[in-house]
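Colleague: Before I ask anything, let me first share the structure, which is written out below as structure tokens.
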Amino acid sequence: MRAAPVIGVLAGELSGDALGAGLMQALRERYPDARFLGVGGPAMQRFGLESLADLEILSVNGFIEPVKRFPALLRLLLDLERSFAEAQIDVFVGVDFNVFNLLLERRLRRRGFATVHYVSPSVYAWRRGRVRTVARAARLLLTLYPFEPPLYRGQPLSVVYVGHPLADRIAPDAGSADAQRVARQALGVAPEATCLGLLPGSRGSELEYHLPLFLAAAEEVDAALGAVTWVLPCPRRSLRSQIDRALSEHPDLSVIVDDGTAQRALTAADGAFIKSGTSTLEAMLLRRPMVVCYRLGAATYRVLTLLVRVRTFALPNILAGRPLVPELIQDAATPLTLARALLAELEQAQSRDDYFAPFDELHTLLRRDASKQAAIAISTQILEPH
């Protein structure tokens, strides 16, 4: 290896940009003169990424758009492969963005370059055969969750559990009474109010399936508790009109639509309705009672039931290996069942001294300085193997 390694890296989404930036920072602490080139967003560019393409080129959603843009994406893949080969990179790190990165990793590995994949695909849930796809593409896999390495047992692949960066960013006291007071002040929520969160997702399709349901459930909660202040984060301006239309159907609800993060909404809240996803992990790390919900179109759901192999879908429950928080899927998720479940969780959080103990244990398990652990694994296994 050269004194200053040349490291290729690609993150195809803003969530991956944050992961990539943390990894770059940790690697630069070990190799101050390292050169990074590839694709990433503003966070990675602040740490010195030499951009080979705009992140927006990779921003594709759904099933149809990637097919339409296949020729352009293929050209980009081949151009990146050529650029990395010409630079004679010491290692390539694909950050999440599984389909594109695994294809690129496999092609680079065939050329003799070391490859790393950062974030395991959800092989625990469906398409278990992807473990072989990952093993063919990457020499080293870095996972966020402790239950993932055993899934790759028997594959010709080194797998290292590094922890979750979100657990590093959210301190153990981030959901304290003082933090809640500050968040409420920023949102204009009265300190003594009952405040609950509505987190229906960050995409238009997710709002379509979850927001009307959550608002109807909020009315049920209001009927039981009296006036509640609800906080609804709006992650993108493009979603605001859709949110406003849904709110117009529930004029009696007191809802604050916040342009800030889901974390601020959860910090201000006493509990929340949450669409299954990363926000459930945020709620757990902030010690907030929650009810997790997931709904899809009827046809999509029928197909998914044939593919998915897990009995639980909420991240806190998967991590705990048992039912830690209520989860309601598809037809089981009604306004009344959601409301009753959240009311029961709020009551238990008040009455049980040990209610948050499992949340705290999982926070400790995930809080491992993930970026540093990832950098150590890449250094010891790829850049400076003994």
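Colleague: Name the residue, out of L78, L108, L103, that is open to solvent by less than 10 Å² (accessible area, probe 1.4 Å), at pLDDT 95 or above, of a type in the set (A, V, I, L, M) and not in a strand (DSSP E or B).
Modeller: L108
Colleague: Between residues in segment 143-165 that are closer than 11 Å to Q373 by Cα and residues that are assigned to a loop (DSSP other than H, G, I, E, B) and open to solvent by 40 Å² or more (accessible area, probe 1.4 Å), which pairs lie under 6 Å by C-beta distance while being six or more apart or on different chains?
Modeller: Y161/P146; G163/R368
Colleague: Where in segment 1-60 are there strands (runs of 3 or more DSSP E), lying wholly inside it, with at least 2 residues that are among the β-branched types (V, I, T)?
Modeller: In segment 1-60, the matching strands (runs of 3 or more DSSP E) lie at 6-11.
Colleague: While we're looking at this one, here's another question. Inspect all residues belonging to segment 116-130 and state whether any of them is farther than 22 Å from L362 by Cα, part of a helix (DSSP H, G or I) and under 20 Å from the mean Cα position of the chain (by Cα).
Modeller: Within segment 116-130, one or more residues are farther than 22 Å from L362 by Cα, part of a helix (DSSP H, G or I) and under 20 Å from the mean Cα position of the chain (by Cα).
Colleague: A further question on this structure: I243 is checked against (1) closer than 22 Å to E345 by Cα; (2) open to solvent by less than 10 Å² (accessible area, probe 1.4 Å) and fails just one. What number does that condition carry?
Modeller: (1)
Colleague: Moving to a separate point now. Would you confirm whether any residue within segment 117-133 is within 18 Å of L27 (Cβ to Cβ) and open to solvent by 20 Å² or more (accessible area, probe 1.4 Å)?
Modeller: No, segment 117-133 contains no residue that is within 18 Å of L27 (Cβ to Cβ) and open to solvent by 20 Å² or more (accessible area, probe 1.4 Å).
Colleague: Counting residues that are closer than 21 Å to L324 by Cβ and in contact (Cβ under 8 Å) with a residue 24 or more places away in the chain, which helices (runs of 4 or more DSSP H) fully inside segment 195-289 reach at least 1?
Modeller: So the answer is 204-225, 262-268, 278-285.
Colleague: Got a sec? Which of L73, L52 is within 16 Å of L103 (Cα to Cα), surrounded by 15 or more Cβ atoms within 10 Å (Cβ to Cβ) and at pLDDT 75 or above?
Modeller: Only one candidate qualifies: L73.
Colleague: Also, quick follow-up: Step by step: first the residues of segment 88-100, then only those that are under 21 Å from P385 (Cβ atoms) and outside any strand (DSSP E or B), then the one that is least open to solvent (accessible area, probe 1.4 Å). Which residue is that?
Modeller: I89
Colleague: State which residue pairs qualify: first residue in contact (Cβ under 8 Å) with a residue 24 or more places away in the chain and inside segment 372-384, second residue acidic (D, E) and crowded, with 20+ Cβ neighbours inside 10 Å in any location, beta carbons under 7 Å apart, and separation of 6 or more residues or different chains.
Modeller: So the pair list comes out as L383/D90.
Colleague: Tell me which of these R181 doesn't satisfy, since it passes every other one: (1) touching a residue at least 40 places away in the same chain (Cβ under 8 Å); (2) open to solvent by 60 Å² or more (accessible area, probe 1.4 Å).
Modeller: For R181, the exception is condition (1).
The values are calculated or read from the model by the stated rules, or taken from the named source; none is laboratory data. All values reported here derive from a predicted model rather than from experimental measurement. Reconstructed Cβ throughout: ideal geometry from the backbone, glycine too, with neighbour counts over all protein chains shown. For the accessible areas, the whole protein counts, side chains as well, though only heavy atoms, and no ligand, DNA or RNA atoms are used. Shrake-Rupley method; radii C 1.70, N 1.55, O 1.52, S 1.80 Å.
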